[in-house]
Amino acid sequence: MRIPKLQSNQYSWFIRPFLWLLARNQNTTLKPAQILGRRPKLFTAIFLLYRTINRKSSPIQPYIHALLSVRVAQLNQCAFTIEHDSKILKNLKERLNKEKLLDWQNCEDFKPQECAVLAYTDAITNTALHVTDRHMDQLRQYYNDDEIIELTTIIVFQNMTTKFNTAFDVCRKTL
């Protein structure tokens with residue numbers, strides 16, 4: 001980890017309960033949260049965005065969310081997120097795993113909706129690619145415009161968090 005975590009008593013008083021809850025819910029303290037917790041305003045803003053994106057009333061199915069999260073993490077080489085979200089993906093759908101995602105274009109296990117989401121995810125995440133009208137047309141077969149906005153926000157958020165994790169070298173393991 002390129003930036004050290006603080007001692008518990010060094011975090012702001014209102015960040016400590018969040019770190020405690022995260023540690024309790026995840027059975028470990030998450031390194032990214034420890035780093036971000038050094039900046040309380042940033043931590044709070046990102047935590048609120050995370051909670052909004054991961055709300056139960058999201059129009060994006062949890063399986064699709066996990067699928068694109070793992071794909072973004074693969075593209076950004078964030079083993080931390082790959083392992084974390086692969087567990088969710090496996091629990092939601094037994095037929096797919098993170099290895100199949102590596103070569104999703106050549107794997108017949110993906111449904112057309114999943115392929116549309118993965119192609120869009122790749123186009124947003126890989127700077128050599130670009131989002132095209134074809135991506136949007138494919139997505140519109142399964143999602144309305146508001147749902148596409150939500151889907152895009154999830155992909156962009158995953159890009160931000162996985163790049164944050166790789167920049168600070170937290171991708172190898174949790175504490």
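Rule-based calculations on the coordinates, nothing more; no lab input. Note that the structure is a prediction, hence the values are computed from the model and not measured. When we count neighbours, we look across all protein chains shown, and the Cβ atoms used for this are built from the backbone with ideal geometry, even at glycine.
Just check region 8-53 against the gyration tensor rule for me: Cα atoms, a ≥ b ≥ c as the square roots of the eigenvalues, rounded for a/c under 1.5, and otherwise prolate or oblate depending on whether a/b exceeds b/c. Could you put the intermediate results ahead of the total?
Numbers: a/c = 1.72, a/b = 1.07, b/c = 1.61.
Verdict is oblate for region 8-53.
For the chain, modelled as a Gaussian network with Cα springs under 10 Å, which listed residue fluctuates most, 162, 81, 152?
152
Do any trypsin sites (Lys or Arg not before Pro) in region 136-173 lie in a loop, going by DSSP, with at most 15 other beta-carbon atoms within 10 Å of their beta carbon, and if so which? Provide the component values of the computation, followed by the final result.
On the way: sites: 140, 163, 172, 173; in loops: 172, 173.
For trypsin sites (Lys or Arg not before Pro) across region 136-173 that sit outside H, G, I, E and B with at most 15 neighbouring Cβ atoms in 10 Å, the list reads 172, 173.
To the nearest 20 debye, what charge dipole does the chain have about its Cα centre, counting +1 at the Cβ of each Lys and Arg and -1 at the Cβ of each Asp and Glu? Mind dumping the intermediate values first?
Details: 24 positive and 16 negative charges, 236 e Å.
Here the chain has a charge dipole of around 1140 debye.
Can you compute the label reach from residue 149? Point 7 Å from Cα along the Cβ direction, backbone N cut-off under 15 Å, restricted to region 51-90.
What the label zone holds, given the 15 Å backbone N cut-off, is 53, 58-60.
Output needed: percent of Cα pairs per 10 Å distance bin for region 62-167, bins running from 0 to the one holding the longest distance.
15, 51, 31, 2
Between residue 48 and residue 102, take the C-beta separation as r, use R0 = 22 Å, and let me know the FRET efficiency to the nearest 0.05.
On the way: r = 33 Å, r/R0 = 1.48.
The pair residue 48/residue 102 has a calculated efficiency of 0.10.
Each residue of region 124-136 in turn: what ³J(HN,Hα) in whole Hz from Karplus with 6.51, -1.76, 1.60 and θ = phi - 60°, glycine and Pro shown as x?
3J(HN,Hα) across region 124-136, in whole Hz: 6, 7, 7, 5, 7, 9, 9, 6, 10, 4, 4, 4, 5.
Which value in nm describes the separation of the simple spin-label points at residue 123 and residue 83, placed 7 Å from the Cα toward the beta carbon?
In this crude label model, residue 123 to residue 83 measures out at 3.4 nm.
Which part of region 57-85 falls in the paramagnetic zone of residue 131, meaning amide N under 20 Å from the point 7 Å along Cα-to-beta-carbon?
58-62, 64-76
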